[in-house]
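Heads up: the structure comes next, in structure tokens.
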Amino acid sequence: ALLRDLAGRGKPLIGICLGMQLLFEKSHEYGEHAGLGLICGEVRPLAPVLAPGAKVPHMGWDYVTVERPDDPLVAGLEAEPRFYFVHSYHAVLDDPADALMTCDYGYPFPAAVRRGNVWGTQFHPEKSHRFGMCLIGNFVKEA
């Protein structure tokens, strides 16, 4: 309730990895569970949408495509950014405009999202060297 209240009052909020997944309306991890409902959509397993033989979890460095280059979270991010991922679930957005970055792991999925003052990253910026430091620095400026 506190996070929803703060977000509702315009306080910048970021969720990282599982934290991003909690921002959605629901998740299908070990059954169906309600999320915070700050971003419209749900979280589903990666395995059914990947090509046969693709490894789950998606783990390691991967390139992302910035979908909203005017967003302050990606300001100053160098071309062809890459981030460190460790996840077995992915977000399915109700509104594709909420995708800030996408990644293709044999299946395109939102790597980062934004709705209003709420951001989320499926990757770990804290483990993503200069790319992550840029992103975290940008969020601190916004907060």
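The values are calculated or read from the model by the stated rules, or taken from the named source; none is laboratory data. Computed from a prediction, not measured in an experiment: that's the story for all the values here. So basically every Cβ, Gly included, is an ideal-geometry build from the backbone, and we count neighbours across all protein chains shown. Each accessible area value is taken on the protein alone, full model and side chains, heavy atoms only, with ligands, DNA and RNA left out. Shrake-Rupley method; radii C 1.70, N 1.55, O 1.52, S 1.80 Å.
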So between Glu25 and Arg4, what do we pick up on full extension, going 0.36 nm a residue minus the alpha carbon distance?
6.4 nm
Mean separation of Cα pairs under 8 Å and 6+ residues apart, divided by the residue count of region 1-124: what relative contact order is that in percent?
30
GNM on the chain, Cα springs under 10 Å; top mean-square fluctuation among Ala75, Ala99, Ala91 goes to Ala75
Lysines with Cα under 21 Å of Lys11, excluding same-chain neighbours fewer than 8 positions away
Lys141
Per residue convex hull volume, Cα atoms of the chain, in Å³:
101
Rounding to the nearest 20 debye, state how big the charge dipole of region 66-106 is about its Cα centre with +1 on each Lys and Arg Cβ and -1 on each Asp and Glu Cβ.
200
Which value, in Å², gives the accessible area per residue of region 6-45 when a 1.4 Å probe is used on the protein heavy atoms?
51
If one builds a Gaussian network model of the chain from Cα atoms under 10 Å apart, the most fluctuating residue listed among Tyr107, Tyr89, Tyr63 is Tyr107
With +1 assigned to the C-beta of every Lys and Arg and -1 to the C-beta of every Asp and Glu, and no other charges, what is the dipole magnitude of the chain about the Cα centre in debye, to the nearest 20?
340
Using a simple charge model, +1 on the beta-carbon of Lys and Arg, -1 on the beta-carbon of Asp and Glu, nothing else, what dipole does region 66-140 show about its Cα centre, in debye to the nearest 20?
260
Using a 1.4 Å probe over the heavy atoms of the protein chains, calculate the carbon and sulfur portion of the accessible area of the chain as a whole percent.
57
With the 8 Å Cα cutoff and a minimum separation of six or more residues, region 65-143 has a relative contact order in percent of 35
